[in-house]
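First the structure, in the form of structure tokens, and then the observations on it.
Values in this text are rule-based calculations from the coordinates and carry no lab data. In this text, all values refer to a predicted model and were calculated from it rather than measured experimentally. No Cβ is skipped: glycine too gets one built from the backbone with ideal geometry, and neighbour counts run over all protein chains shown.
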Amino acid sequence: MTKLDLKALDRDTFIQGDDSIARTITIGQTGVVDDRVVIDSENFSVTTAGVGTFAGNVALNGGSSAPVGSGGSCYRAGLGALGAVTSGFGDLGVGDGAGSAITIGNNNVCVGLNAGDGIVDGDDNIVIGNNAYRSNASNDDQVAIGSGAMRYFEGASSVAIGSGALAGSQVTACTANFCVAIGANVMATAEGAAWNNIGIGGSSLFSLTTATGNTCVGKDTGKLLTTGGNNIFLGNGTGETSTTGGSNIIIGSGVDTDASTSSGQLKIHFSGGSNTPIITGDMTAGKMGVNTEISDIDATLHITTDAADAISVLKLQQMDTDDEFIDFEGTSTANGLSSISSLTAGNTIQGFYRINVNGVQRWAPFYDVPTS
């Protein structure tokens, strides 16, 4: 084999044909698939005054390929990368098969083996990672970063960062929009119209299928949730066993709904405190508890103290000196059947309950039902 030693040359070397006749310069043997052209220095570049075509196996270790596409503004490096571009502009394909189906799509960045190879006419997609975002042809404004991120996802205007994030179902395509998945395997099995979900933290919303409107922040949050929607789970492992329940608000590390199918529950838990959440609520029934399990709430507002708290259950501090402490509103009747009675006699004191007035312990009386 004869080598051309550039170090022995004292001037630039040109391979040039007759300007009046079209010439083709071939490096390598035709029909031999193993032939390679390697430009192996950062100080070399490839320049074409017309159209440069690299039809074989070309390694560009120091520069970039000649532009492709009718606008001449798409660049590629890798076997088959941007191989179908026609009128698209501003596209970049790096890696074998990267953006290989793009024809008229614009401003797409595809980096990695087969990255974005399903895009045909979509615009403004950023795909970085082997086998990332391979299914959708036309949607825009996707960000998929990580190996297999958005692998089978066919939605739009979504973000997936992390290996397998928002990968979607191979059997039933996910066509959702406006999803955010940050962390490995977040929303890994999403399918159908699973719109408006946000998962941040490894494996959060891992099992989600068609649920919509969930916000889960923390590792394993909502991990088993499938069809339950509009949940807010904040904290590592929060809501981890919930499956089909919806409209829950759960805050605190490791806190969960009462059952996997529970809906409309509120729990705010301090992980370093007691086992009972500090604030609970049954939002479907309009009931709220403080230091009370949801199953124990038997009033619109139910407050419980611990046995050793040595404090009042409720303190009312009225700073406006000319207004009352409590305003009672209800139906008044001349009997003992309504919440307010207009009767004034016929009842007797049954006992007293302890209260505190301006720091002094007092006792207030209570009566039986008035009769007249």
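For the residue pairs 267/287; 267/315; 223/287, alpha carbon separations beyond 20 Å are given by 267/315; 223/287. Ranked by how many other Cβ atoms sit within 10 Å of their own Cβ, fewest first, the residues 152, 75, 367 fall in the order 367, 75, 152.
Label-to-label distance for residue 335 and residue 276 is 3.7 nm, based on points extended 7 Å past Cα in the beta-carbon direction.
With each label modelled as a point 7 angstrom along the Cα→C-beta vector, the residue 73-residue 345 pair spans 9.6 nm. Just so you know, the Cα atoms of segment 269-345 work out to an Rg and Dmax of 17.2, 53 Å.
Neighbour counts of C-beta atoms inside 10 Å place 371, 189 in the sequence 371, 189, starting with the fewest. What the Cβ-Cβ distance of residue 137 and residue 285 gives, at R0 = 41 Å and to the nearest 0.05, is a FRET efficiency of 0.30.
Applying 1/(1 + (r/R0)^6) with R0 = 56 Å to the Cβ-Cβ distance of residue 171 and residue 312 gives a FRET efficiency near 0.45. At a Förster distance of 30 Å, what's the computed FRET efficiency of residue 353 paired with residue 261, Cβ-Cβ distance as r, to 0.05? Given R0 = 30 Å and the Cβ-Cβ separation, E is 0.15. In a Debye calculation with equal point scatterers on the alpha-carbon sites of segment 315-372 and no solvent, what is log10 I(q)/I(0) at q = 0.22 Å⁻¹? Reported log10 I(q)/I(0), two decimals: -1.00.
For segment 249-265, 3J(HN,Hα) computed residue by residue from phi via the Karplus equation (6.51, -1.76, 1.60; θ = phi - 60°) reads 10, 10, 10, x, 5, x, 7, 9, 5, 4, 9, 5, 9, 4, 10, x, 9 Hz, glycine and proline entered as x.
Annotation: extensible slack from residue 367 through residue 303 equals 20.7 nm (criterion: 0.36 nm per residue apart, minus Cα-Cα distance). Just to confirm a number: summing +1 for Lys and Arg and -1 for Asp and Glu over residues other than residue 269 whose beta-carbon lies under 14 angstrom from that of residue 269, what do you get? Net local charge, residue 269 excluded: -3.
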